[in-house]
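Trainee: Okay, handing you the structure first.
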Amino acid sequence: MNRFQLTISILIFLTLGSCIEDFEFDGVSAGEGIVVEGFITNQSYNDLIPLPLPARYFTLKLSNVGELDNVRNEPVLGAKIELHQDDGVVYDYAEIENGEYGLFYEDFKADEAHGYHLEITLADGKKITSEIQTLEKGMDMGSFSLVEGTKLDYENIREEVSIAEQEGISFYVTTLANELSEPVYYKWDLEITWIYNAALAADNSPIKYCWATSKYFFQEYQLLEDYEGGIANELFFLKTKGSRLNHGYSVLIRQTVMNSKYYTFWKEVEKQLNQSELFATPPYNIESNLSSDDTNVFGYFGVVNETFGRWYFDESEISNYGGWINDERCSFGPPFAPWCFDCRVLAYDDSPVQSSMPDWWDPIYFRKNP
């Protein structure tokens with residue numbers, strides 16, 4: 001089976017477990033206000049069920065940004081949120097918890113024939129609206145390729161961290177030819193899933209192997225304004241010596257195509273995330289398509305296209321695989337870490353791990369022994 005198995009254009013914009021794209025406004029100098037995070041796509045909840053990734057509903061998150069520390073803090077509760085379609089149809093968001101609201105329509109999806117905008121009424125009566133957004137034309141995922149090599153990276157040996165030259169593979173996606181009369185605005189996000197082994201659990205224990213997922217392991221996202229296509233983009237470098245590769249390792253690649261204004265928004269966020277603290281320009285001027293006569297508003301509401309590709313690590317396809325690596329937390333002791341006996345204890349990114357194989361995981365990439 002080809003491990004580049006999923007090159008399906010599913011045109012969605014999500015953070016896999018949900019449809020919220022996290023971004024921080026640390027250092028915002030515009031005073032207090034409301035942060036709005038959310039989007040819709042042309043793939044409904046039901047459309048995603050047969051695909052090798054978690055299905056989701058569209059969600060929206062509201063939070064406050066403080067005047068003093070300018071960091072998102074308190075969730076905004078009790079808001080009424082409506083999604084307006086330009087033919088007069090209105091979809092209501094239902095409040096979930098912690099400032100998150102869900103659009104619980106299993107068959108709802110955006111389409112190219114309509115425009116969409118948000119109308120938000122806060123509990124105190126303040127109103128927020130978004131500009132009308134339409135679905136952008138998408139592009140299929142390009143081709144994947146691997147290049148073996150070395151890079152300077154962090155090394156952690158018995159809790160001592162150092163920087164050393166590491167062997168690994170650089171993973172590239174090459175964009176397709178752009179035959180449009182305008183640039184294509186790309187954004188790539190990555191989410192990794194690996195199989196964790198509770199080394200000291202019995203071989204037949206149902207809590208010996210768990211699937212752990214992280215969306216923060218690699219760089220948060222990458223952007224490209226592409227006029228012609230055929231551009232090779234390095235999405236990540238994976239060290240080929242590490243215990244996470246022992247039993248199974250997969251990366252989900254999200255390729256988003258968006259409009260120029262949304263691209264500018266993410267470009268500005270990226271610029272300010274990468275600034276040095278010494279000479280950083282206060283990030284108060286990030287473009288937004290949200291407005292209010294009553295309060296400051298930050299963020300962006302998007303209607304976007306996305307394509308997914310899933311890649312599985314296969315040690316037989318590279319020459320510099322580092323081999324079986326024991327988890328040191330379970331090799332030296334006692335005392336041993338609790339997840340050495342129960343894989344479910346290994347929470348990652350504040351999310352519980354899954355002790356059964358996900359429906360989308362290809363079982364040929366689950367190996368129990370070296």
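Trainee: What order do ILE364, ILE40 take when sorted by accessible area (1.4 Å probe), most exposed first?
Mentor: I get ILE364, ILE40, largest accessible area first.
Trainee: Can you send over the solvent-accessible area of LYS271, 1.4 Å probe, protein chains only, in Å² to the nearest 10?
Mentor: About 110 Å², rounded to the nearest 10.
Trainee: Given the Cα-Cα distance of ASN46 and SER319 and 0.36 nm per residue of separation, how much length would full extension add, in nm?
Mentor: Numbers: separation 273, 0.36 × 273 = 98.28 nm, distance 4.12 nm.
Extending this stretch completely gives an extra 94.2 nm.
Trainee: By accessible area of protein heavy atoms, probe 1.4 Å, what ranking do GLU287, GLU228, GLU106 get, highest first?
Mentor: The ordering from most to least exposed comes out as GLU228, GLU106, GLU287.
Trainee: Taking the Cβ of ASP203 as the center, what net charge do the other residues with Cβ under 15 Å away carry, scoring Lys and Arg +1 and Asp and Glu -1? Mind showing how you got there, number by number?
Mentor: Numbers: positive: LYS208, ARG367, LYS368; negative: ASP342.
In short, +2.
Trainee: Quick one: accessible surface of TYR249, probe radius 1.4 Å, all protein chains present, in square angstrom to the nearest 10.
Mentor: 0
Trainee: I've got another one for you. For ALA337, project a label point 7 Å along Cα to C-beta. Then give me every residue of region 128-155 with its amide nitrogen under 18 Å of that point.
Mentor: The answer is 154-155, whose backbone nitrogens lie closer than 18 Å to the label point.
Trainee: If ligands, DNA and RNA are left out, what is the accessible area of ASP362 with a 1.4 Å probe, given in Å² to the nearest 10?
Mentor: ASP362 has an accessible surface of roughly 10 Å² with all protein chains in place.
Trainee: Name the long-range amide H neighbours of PHE236: under 5 Å, sequence gap of 5 or more, or other chain; modelled H, no Pro or chain starts.
Mentor: PHE171
Trainee: Over region 90-207, with the other protein chains present, what is the accessible area per residue in square angstrom, probe 1.4 angstrom? Don't jump to the answer; show the numbers that get you there.
Mentor: On the way: 6380 Å² over 118 residues.
Ligands and nucleic acids excluded, the result is 54 Å² per residue.
Trainee: Given the pairs LYS137/LYS271; LYS137/LYS187; LYS208/LYS368; LYS187/LYS267; LYS80/LYS127; LYS187/LYS271, which span a C-alpha to C-alpha distance of over 20 angstrom in this model?
Mentor: LYS137/LYS271
The values are calculated or read from the model by the stated rules, or taken from the named source; none is laboratory data. In this text, all values refer to a predicted model and were calculated from it rather than measured experimentally. Cβ atoms come from the backbone with ideal geometry, glycine included; neighbour counts cover every protein chain shown. For accessibility, only protein heavy atoms count, side chains too; no ligands or nucleic acids. Shrake-Rupley method; radii C 1.70, N 1.55, O 1.52, S 1.80 Å.
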